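The values are calculated or read from the model by the stated rules, or taken from the named source; none is laboratory data. Every value quoted in this text rests on a predicted model; they were computed, and no experiment measured them. Cβ coordinates were reconstructed from backbone atoms using ideal geometry, including for glycine residues, and neighbour counts include every protein chain displayed.
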Amino acid sequence: MPMYLNEDQAMLRDSAREFLKSEAPVSHLRKLRDDNCKDGFRHALWKQFGEMGFTGILIGEDDGGLGLGHVEAGVVLEEIGRNLSPSPFLTTAIAGVAALNHGGQHLKDKFFPGILAGDTVLALAIDEGAKHRPSHITTKAERSGNGFKLTGNKQFVIQGASADALIVAARTAGAAGETDGLTLFAVDKDAANMSMDSTRLVDSSMAAHVTFDGVEVDGDAVIGEVDNGWQVLSSLLRAGRAGSAAELVGVGAGAMDMTVDYLKQRKQFGRLIGEFQALQHRAAHLYSEMEIARAAVLKAQQLLDEGKDSAEIYVSVAKAKAGRTTNLTVREGVQMHGGIGMTDEYDIGFYMKRDRALNEFMGDANFHAGRVAEIFGY
Amino acid sequence: MSDLDQFRLDVREWLEANCPAEMREPVRGEDDVCWSGRNWTFKNEAQKQWLERCVAKGYTVPDWPTAYGGAGLSAGEAKILRQEMARINARPPLSSFGIWMLGPALLQFGTEEQKVHYLGQIARGEIRWCQGYSEPGSGSDLVSLQTFGEDKGDHWVVNGQKIWTSYADKCDWIFCLVRTDKTNKYQGISFLLFDMETPGVTTKPIKLISGNSPFCETFFDNVVVPKEQIVGELNRGWDVAKYLLGHEREMISGGGLGDGAPSLGAQMLGSIGANGLGQLDDGLLRAELAQFDVDALAFKAMAERFTDEMKSGKGHPAQPNMMKYAGTELNKRRHELVMAGNGSDALEWESEASKGGAKARNWLRTKANSIEGGTSEVMLNVIAKRILDLPGA
Ligand SMILES: Cc1cc2nc3c(=O)[nH]c(=O)nc-3n(C[C@H](O)[C@H](O)[C@H](O)COP(=O)(O)OP(=O)(O)OC[C@H]3O[C@@H](n4cnc5c(N)ncnc54)[C@H](O)[C@@H]3O)c2cc1C
Ligand SMILES: Cc1cc2nc3c(=O)[nH]c(=O)nc-3n(C[C@H](O)[C@H](O)[C@H](O)COP(=O)(O)OP(=O)(O)OC[C@H]3O[C@@H](n4cnc5c(N)ncnc54)[C@H](O)[C@@H]3O)c2cc1C
């Protein structure tokens, strides 16, 4: 596969770019925040995602989807990032679907039609502490009747309170730190004994703390095999990490474009500030890092789509590189805007906030660099 | 099976049969490189065999047309050949400024006669070329160069001085920028080729901080150059030079990828050792190495994308500047880490164990990567102006 988008992928990018720029630009996010929207995204926009076909990218053709891959998912995610468009796309259509693709037909029949239509929203209940440590799961799932009973706490459940179901990682065996003994469940939102405390994050998105106090689910809720959930979780995480890396690249690209534009307009000392070499070199450095990050993300997506083993390391390379690079880009963006970059009225700060949240999602740059070291055995 | 899959199998088989075992070792230093040329002595029989077999197959310049000594491979086939060579760690059969720099410029600007003559020689490794661009007063500001070629009807008489001419004392021919019109800065430079044995050419070595001296000052004293040895139009040599610099940067930028070993961090286990968790017993260095490995793999993806885009004509023309900048800065970081990770072992300058201070000398040599072929600052200037379209001062 050559390392650039083929014609179909480029067409998809163009339509995603046009769609998101007109339907959900940064002003859309600003309005949701100002209106104190309790979902953190608009259901009507999600419906449009369905109409555009985006929600079916990772759903197989047999199940009514497009049967495309991670490269295509990334193409849409980069545009989402560029426009800071709030939507459940990454959690539902990418990470959620990647997990459900391991589930039985009954789970696909239950969720895919709603996802395809842009009705159903899924949320991911994985993390339990402030930092992403997916093997350190302690939420328990004990056998009970012909099902399970869940007990424990989750946090950073993005859009949890708006979701129709949660994908929950819990322990049916083993101890925190082990990868064996995990099981994934699809838990309906109105399950008894589940409570949610929804809160707004720095980037204006909504996330929930979820408490499972003996939540009963039946055997049909299991995604994949009991005790072998690590495999399903790994698929979910690979998709989510590659996807969030692509979105990060979009955030960085949006911030960089704004900044470079500003350098071409703002005058100080009787000159455009973009004439100052001190700023030119930093902008050129950002460009170079962004291109490298984008290439790393594309490589990870292609390897995922080809089913190569090396996808594992490249997904972490992508998340680490995109994380560090976009973080640099938003920091430089605010700095190069000078005082105006500190104002709420100006959009550059929104990019800085989204970067912070996306960096934390499914492992920050240090987490993933550490993983690269581990995979290489040092 | 697709044609490309079949091609991969054929290449694999050919390499298996033809690449000598000694040539499947990473290049560890200058001594392992084959430059060939009139005065070359092969380091061993394997080096000679490997070159001859590749020449016969057109594999020294796989994507050049067969008429000029290449194998006429498509972009897809050339990529497969590269991948298969990398897979078995095969050394490049021939390293050559002719292949990396002059060749592409001749393909673009040369006459048919020049192409057949010079490209064939380059492909077969018969002539070793050096580059005569920089002058003592003209480095980054190359277009200010003063070496002058006086028009004498059927030939030029060239006078002046070049500096930093890599391997000038070992090379057979030079491609050289010469002012042929003093009234026009950009459109007064011509691109000339001539034999280093022409009377009036002398060289004097320059010793580097690495202790080696493959670089020279080169002096021209009434050097006679026949008119047919100009590439491109009279006074339009700057176009050729710029085109060539693009390829030079492409070549230098590959440096950050190292010797094909998968991970710099893993190589440090031997010298640093592991703690109880199996992690490098130096937490801060481990973190730095992990960041480096992330950046190196990300850059590798970029290099692949860059090659694919260039070959398909999709790339931005100033993209080689970005690759040059990023690749050389990465390579410098790599060698800083090699030094840190190997501790006092890497400081030895002359011992046998250190292969004559190879690590230290390589480390020092890399400092030139962000200077030669245009400095990092100049690369950033070009990116800012030509890609980001930032205003000029
Ligand atoms: C929170 C806050 C509180 C403040 N409080 C006060 C206050 O109480 N009273 C008051 O008077 N002011 C106040 N200021 C204004 C502050 O002093 C200015 O923001 C500051 O001087 C920068 O000017 P600017 O914002 O117009 O940025 P600009 O001058 O437009 O600079 C934009 C970017 O260009 C860069 N740049 C500009 N010129 C050059 C150059 N020659 N070479 C290289 N780079 C250059 C800058 O470093 C910056 O990165 C405040 C600002 C903030 C953010
Ligand atoms: C190992 C090595 C091999 C070489 N091989 C060859 C060869 O084979 N043939 C050949 O012709 N040349 C060769 N060169 C020369 C090389 O191309 C020049 O060294 C290079 O172009 C820089 O020129 P300079 O050394 O004169 O530095 P200068 O141009 O004097 O630069 C000094 C410093 O000022 C900075 N600077 C200059 N202009 C600007 C600007 N506009 N904005 C910001 N910063 C600026 C530079 O980045 C640098 O940091 C080689 C050099 C080295 C070190």
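As an exercise: evaluate B:Thr307 against (1) more than 16 Å from ligand 2 (Cβ to nearest atom); (2) more than 13 Å from chain A (Cβ to nearest Cβ); (3) surrounded by 19 or more Cβ atoms within 10 Å (Cβ to Cβ); (4) modelled with pLDDT under 95 and give the number of the one condition it does not meet.
Exception for B:Thr307: condition (2).
Determine whether segment B:361-377 contains at least one residue that is under 28 Å from A:Glu275 (Cα atoms) and facing chain A (nearest Cβ under 8 Å).
Scanning segment B:361-377, I find at least one residue that is under 28 Å from A:Glu275 (Cα atoms) and facing chain A (nearest Cβ under 8 Å), so the answer is yes.
Being at the interface with chain B (Cβ under 9 Å from one of its Cβ atoms) and either modelled with pLDDT under 95 or crowded, with 21+ Cβ neighbours inside 10 Å (or both), is that true of even one residue in segment A:348-364?
No, there is no match, as no residue in segment A:348-364 is at the interface with chain B (Cβ under 9 Å from one of its Cβ atoms) and either modelled with pLDDT under 95 or crowded, with 21+ Cβ neighbours inside 10 Å (or both).
May I ask you to list the residues in segment A:260-287 that are within 10 Å of another protein chain (Cβ to nearest Cβ) and either touching a Cys at 6+ places or on another chain (Cβ under 7 Å) or touching a residue at least 24 places away in the same chain (Cβ under 8 Å) (or both)?
Hits for segment A:260-287 are A:Leu263, A:Ile273, A:Leu279, A:Arg282, A:Ala283, A:Leu286, A:Tyr287.
Those residues that are more than 14 Å from chain B (Cβ to nearest Cβ) and not in a helix (DSSP H, G or I), I need them from segment A:309-347; list them, please. Talk me through it step by step, then tell me what you get.
Going through segment A:309-347, the residues more than 14 Å from chain B (Cβ to nearest Cβ) turn out to be A:330-331, A:334-335, A:337-347.
Residues satisfying the conditions are A:Thr343, A:Asp344, A:Glu345, A:Tyr346, A:Asp347.
So is A:Phe156 part of a strand (DSSP E or B), under 22 Å from the mean Cα position of the chain (by Cα) and farther than 23 Å from A:Leu358 by Cβ or not?
Criteria not met by A:Phe156.
Among the residues in segment A:258-275, are any surrounded by fewer than 24 Cβ atoms within 10 Å (Cβ to Cβ) and under 21 Å from A:Leu77 (Cα atoms)?
Yes, the conditions are met somewhere in segment A:258-275.
With segment B:259-323 as the region, which helices (runs of 4 or more DSSP H) entirely inside it contain at least 3 residues that are free of Cβ contacts under 8 Å to residues at least 60 places away in the same chain, within 14 Å of A:Glu374 (Cα to Cα) and of a type in the set (Gly, Ala, Ser)?
Filter on segment B:259-323 gives B:283-311.
Can you tell me which residues in segment B:212-250 are aliphatic (A, V, I, L, M) and part of a strand (DSSP E or B)?
Residues of segment B:212-250 that are aliphatic (A, V, I, L, M), as a first pass: B:223-225, B:230-231, B:234, B:240-241, B:244-245.
B:Val223, B:Val224, B:Val225, B:Ile230, B:Val231, listed by residue number.
From the list B:Gly153, B:Gly103, exactly one residue is within 17 Å of B:Val223 (Cα to Cα) and not acidic (Asp, Glu). Which is it?
Exactly one residue qualifies, and that residue is B:Gly153.
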